[in-house]
Amino acid sequence: MTGLQNSRNPLLADFDTREFARALRVKGQRDPRGIRAIAEEIGVTASDMSRAMGGQGVSVAKVIALCRWLGVAIETYYLEPDITLKPTGCSGSNVKHSEHFGRVS
């Protein structure tokens, strides 16, 4: 899956809230009952469902409930860290230096 990182750091794992929201909107539009009835069936509040459909964050428990309603695993929206961007050495800003080898000050 390709998705956009929500965080500012692509080195970190993330959740694709944009694609998740899109999937919720598509399925919600196909159901004539409305958000309140759907949310009640799922076990979330209408405001939680509305927030998730708008791309805002909701709790993990609610994401799991919404993924079950969508019929997909939560991992569907998992964005792996981009390991190709990982630095290949130590940066000077976070390394403690010592005059003696093996000794950290």
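The values are calculated or read from the model by the stated rules, or taken from the named source; none is laboratory data. Remember, it's a predicted structure, so these values are computed and weren't measured experimentally. Heads up, the Cβs are rebuilt from the backbone with ideal geometry, glycines too, and the neighbour counts pull from every protein chain shown.
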If you check 51, 36, which single one turns out to be closer than 15 Å to residue 15 by Cβ and basic (Lys, Arg)? 51
Is it true that some residue in the range 18-28 is at pLDDT 95 or above, in a helix (DSSP H, G or I) and either of a type in the set (Phe, Trp, Tyr) or exposed (fewer than 10 other Cβ atoms within 10 Å of the Cβ) (or both)? yes
Applying the selection to the range 22-50, what residues are among the aliphatic types (A, V, I, L, M) and without any contact (Cβ under 8 Å) to a residue 40 or more places away in the chain? 26, 35, 37, 38, 39, 42, 44, 46, 49
Residue 84 passes all but one of the listed conditions (1) at pLDDT below 95; (2) not in a helix (DSSP H, G or I); the exception is number (2)
Of the residues that make up the range 53-72, is at least one of a type in the set (D, E, K, R), out of contact with any helix residue (DSSP H, G or I) (no Cβ under 7 Å at 6 or more places or on another chain), at pLDDT 95 or above and surrounded by fewer than 16 Cβ atoms within 10 Å (Cβ to Cβ)? yes
